Amino acid sequence: MLRKICIIGLEDYPMLLGGAHGYIGGESVQHVLLAQAWRDLGIEVSIVVYDCGQPHLVDVAGIKAVSAFREDSGLRGVRFFTRLHNVIRAMKEIDADVYYQSPASPYTGLAAWFARRHGKLSIARIASDLACIPGQQRLQYQRDRKLYEYGLRNASLVAAQTEQQRALLREHYGRRSEVVNMLVELPERRIERPRDIDVLWVGNLRPVKRPQLAFELARRLPAYKFVFAGGPLPRQDSYYRRILDAARELPNVVMLGPTPYPQVGALFDRANVHLNTSSAEGFPNTFLQAWAHGVPVVSFFDPDAVIRRRALGRTVSSIEQAADALAELLRNRAARDTLGENGRRYVQSHFSAQETAKRYLELLEQIPIEEDEISADILETKRNVHARAQRREQSASRP
């Protein structure tokens, strides 16, 4: 019944082009993989993106990219409103049945508002545990937090990454949500290359990722090679320079800097262990990439205790535990191989792109309209979407 889906993913254009140029965040990876899976199911998919100098409308392998505005455009004091206006204009132009948005931002609220106003459906996707806790979202202004929380409360469907996020949403917002798995690209098999990277750390270098903990582990394990792949977030160059200065003091640390997405898989093929030092996450893309390539994870964060429950690596809570876990796995290839194979089987069975894309469609068709927290507006929205879809079918069938 649902024929057209729009993703609000302003940063997605570099990833849509193949990930070779520009900043690539984890949500952009998920957006594009999901767009490709919906496309393969016969859905018309559009993504609202920044104007990076491309034409207003670009078709990339069957996915439409509609530019809204340049990232650096607008006058201070009014650009917030002009940007919202430009995104609304793009959403009107696309005229989708469903509007999908993540991560936490004012656009969460904008997508939900637009969908309700125009008789459409919306999906708010949770990308971090912090997005479920009032005041903890990484949003600079109160207006942004208010718009985001409006979106949480008014989206047709809130999709969580984990049961932990579901519990947090229920506790803090009284909001029902559904766990929907992420997507990952699966290589045919792990390519046998020289395993010349002992410990691989992948991610954008920012404080919440705590790269300094990985540096401390490198100091404690000088016999092993630590490789870091990732660059700065936009407008965080000073922090990035401080990290580079600290890395120069460690002879067993290699900083690759910003690494195009297509090259990250090759790094995992060369790695023995993937290290995650973040203080807060949702369900990291890098976990899925590591397991897809048969690489165990050592992490300070364990979403829904999946690493421990499924034997996919080691979870730790201190530098001492992390150093012991890394040393143990790096000395024991048989243990690494067993954990890595567990990881590969896990992503193969749980993170199929088409199954995840289908689950979204099924959930939209089965919105629990009888529950008190689901408003009558959403019932009307669903009826309107179905009615339009029927009219399109009737029109298409006419000679």
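The values are calculated or read from the model by the stated rules, or taken from the named source; none is laboratory data. The structure presented is a predicted model; accordingly, all values stated were derived computationally and were not measured. Cβ placement follows ideal geometry from the backbone for every residue including glycine, while neighbour counts extend to all protein chains displayed. To get the accessible areas, we keep the full protein, side chains included, count just its heavy atoms, and leave off ligands, DNA and RNA. Shrake-Rupley method; radii C 1.70, N 1.55, O 1.52, S 1.80 Å.
Brief remarks follow.
- Counting heavy atoms of the protein chains alone, S279 has an accessible area of about 70 Å² for a 1.4 Å probe.
- If both residues of a DSSP beta bridge must be in segment 17-135, then about 30% of such bridges are antiparallel.
- Cα long-axis angle, helix 237-247 against the chain (0 to 90 degrees, to the nearest 10): 20 degrees
- Here the chain is assigned +1 on the Cβ of each Lys and Arg and -1 on the Cβ of each Asp and Glu. Its dipole about the Cα centre then comes out at about 480 debye.
- Taken about its Cα centre, segment 28-90 carries a charge dipole of roughly 300 debye when the Cβ of each Lys and Arg holds +1 and the Cβ of each Asp and Glu holds -1.
- Placing a label point 7 Å from the Cα of R195 along the Cα-to-Cβ direction, the residues of segment 252-290 whose backbone N falls under 18 Å from that point are 265-276, 289-290.
- In the chain, the longest principal axis of the Cα atoms and the axis of helix 79-94 are about 70 degrees apart.
- In Å², nearest 10: area of H293 left accessible to a 1.4 Å probe: 20 Å²
- Restraint check, K4/K358; K4/K92; K146/K209, Cα-Cα greater than 21 Å: K146/K209
- For the chain, the share of accessible area belonging to carbon and sulfur comes to 48 percent (1.4 Å probe, ligands and nucleic acids excluded).
- Residue-span extension gain [R210 to R170] - 0.36 nm each, minus C-alpha spacing: 11.5 nm
- A 1.4 Å probe run over the chain, with the rest of the protein chains in place, finds 44 Å² accessible per residue.
- Value of [θ]222 nm, deg cm²/dmol, for the chain, DSSP H segments ≥ 4, -39500 (n - 2.57) each, nearest 500: -14000 deg cm²/dmol
- On Cα atoms only, tilt of 211-220 relative to the major axis of the chain in degrees: 20 degrees
- Sum of side-chain charges, Q137 neighbourhood, beta-carbon under 13 Å (Lys, Arg +1; Asp, Glu -1): +1
- Simple spin-label estimate for L41 and H56 in nanometres, 7 Å along Cα-Cβ: 3.1 nm
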